[in-house]
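What follows is a short report on a single structure.
What follows is calculated from the coordinates using simple rules that are stated; it is not laboratory data. Remember, predicted model here, so these are calculated numbers, not experimental data. Positions of Cβ are backbone-derived with ideal geometry, glycine not excepted, and every protein chain shown enters the neighbour counts.
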Amino acid sequence: MLSKLAVFLYVVLQSAEPVRVLVTGAAGQIAYSLLFGIAKGDVFGKDQPITLILLDITPMLPVLDGVVMELQDCALPLLREVIPTDKEEVAFKDLDAAILVGSMPRREGMERKDLLKANVAIFKSQGAALEKYAKKTVKVLVVGNPANTNCLIAAKSAPSIPKENFSCLTRLDHNRARSQVAMRCGVPATQVKNVIIWGNHSSTQYPDVHHCKVNMAGSDLACFDAVKDDDWLKGAFISTVQQRGAAVIAARKLSSAMSAAKAICDHMRDIWSGTPEGEFVSMGVYSSSNSYGVAEDLIYSFPVHIKDKQWKIVDGLAINDFSRGKMDATAAELVEERDTAFTFLNA
């Protein structure tokens, strides 16, 4: 006989309205690592039914059919429906969350401006589709690179959706920084909190541990006191995090997928459920009215608190000259990217 609790949970699951979640680039390797976590409740809650919408380009539809079959074969209790499509009007309809993974990758011999031009076209179209078809409360996470500028283009192309609903993924960089410190200190990554990624999801990003705490033997220590190697923290640590994506590609001959999928889950789960008291995470968000002197009208990675599905930039953190130089350098790259992209957006 079913317990009263089991009956209650069954009734709740049957009656709850499914969350409609879009993943683009859904036939790709990041999505393949991502979809199972979303469908089994790691992101939106263990009692939240899910409708998954999977968007990819027409030639990838046969591969997408295989992904759908695998999701069906997982027999997941929260997964109500899986909708594969190559049509934006289907993919973006009534969305609660959009995870925009697909983008034009940089090919050998491709100039950066050509990459930006191709991605402006993609994210202008997807932003317009969000504007036309999605709920105005939709939460949009841009993963496809160049993620910060792609996110800005999508937000500009969906003027009636609040800019605060758009963010880009720098959680992978955040997790990489956290892990490097944890390994150096010989503690689990859960014992490291409040690392910061400032700026662009590129090799100019600034992994900052001046406000990081490491729990060792039950006490929270400042990261510099825990690591006891300032040269490493100001040198090899920063370059390791900045170049980690390239190192993975060199080793695997493929870009990060498992770790990217984990970071996407972390990012969206925190948007949905909030961040713990006293902790902050990194995400690329709108720079308007920030207190750190970062130029307006950028998607720039800041430390944020999240509550009730709303992020807020953490204010009042002391910034030394070392940090200021690196924060300004990554902002300059983003301004250049933005200005180049806007010439294509307005063409």
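Observations
- Top positive-direction residue, dipole computed over the chain with Cβ charges, set Ala257, Phe302, Ala247: Ala257
- Each part gets one Cα centre, and for segment 283-347 versus segment 14-67 those centres are 30 Å apart.
- Judged by the gyration tensor of its Cα atoms, with axes a ≥ b ≥ c, segment 119-176 is oblate; a/c meets the 1.5 cut and b/c is at least as large as a/b.
- Share, in percent, of DSSP beta bridges within the chain that are antiparallel, nearest 5: 50 percent
- Taking Cα centre as origin and charging only the Cβ of basic (Lys, Arg, +1) and acidic (Asp, Glu, -1) residues, the dipole magnitude of the chain rounds to 300 debye.
- Length-normalised contact order of the chain in % [C-alpha pairs under 8 Å, at least 6 apart]: 16 percent
- Averaging the sequence gap over all C-alpha pairs within less than 8 Å and six or more residues apart, then dividing by the number of residues, gives segment 115-227 a relative contact order of 19 percent.
- For segment 72-108, backbone nitrogen atoms closer than 13 Å to the point 7 Å from Glu17 Cα along Cα-to-C-beta are found at 94-97.
- Placing a label point 7 Å from the Cα of Ala347 along the Cα-to-Cβ direction, the residues of segment 153-188 whose backbone N falls under 20 Å from that point are 153-158.
- Estimated FRET transfer efficiency (Asn215, Asp308; beta-carbon r; R0 35 Å; 0.05): 0.80
- Potential lengthening between Asp231 and Thr190 on full extension [0.36 nm per residue; Cα-Cα distance subtracted]: 12.4 nm
- Shape call, segment 35-147: gyration tensor on alpha carbons, a/c limit 1.5: prolate
- Cross-link table Lys117/Lys163; Lys135/Lys262; Lys136/Lys262; Lys93/Lys253; Lys136/Lys193, entries beyond 31 Å C-alpha to C-alpha: Lys93/Lys253; Lys136/Lys193
- Selected from Phe36, Ser287, Pro77, residue furthest toward positive end of dipole (the chain; charges at beta carbon): Pro77
- Spacing of the two label points (7 Å from each Cα toward its C-beta) at Thr204 and Thr240, in nm: 2.5 nm
- Normalised by the number of residues in segment 170-338, the mean separation of alpha-carbon contacts (under 8 Å, six or more apart) gives a relative contact order of 25 percent.
- Helical segments meeting 27 Å axial Cα length and Kyte-Doolittle -0.5 threshold in the chain (DSSP H): 112-133, 321-345
- In this simple spin-label approximation, Leu76 and Val90 carry label points 7 Å from Cα along the Cα→Cβ vector, and these lie 2.0 nm apart.
- Segment 207-257 and segment 103-147 have Cα centres separated by 29 Å.
- Label-to-label distance for Asp42 and Asp321 is 4.5 nm, based on points extended 7 Å past Cα in the beta-carbon direction.
- Cβ-derived FRET efficiency at R0 45 Å, Ser288 paired with Phe224, nearest 0.05: 0.90
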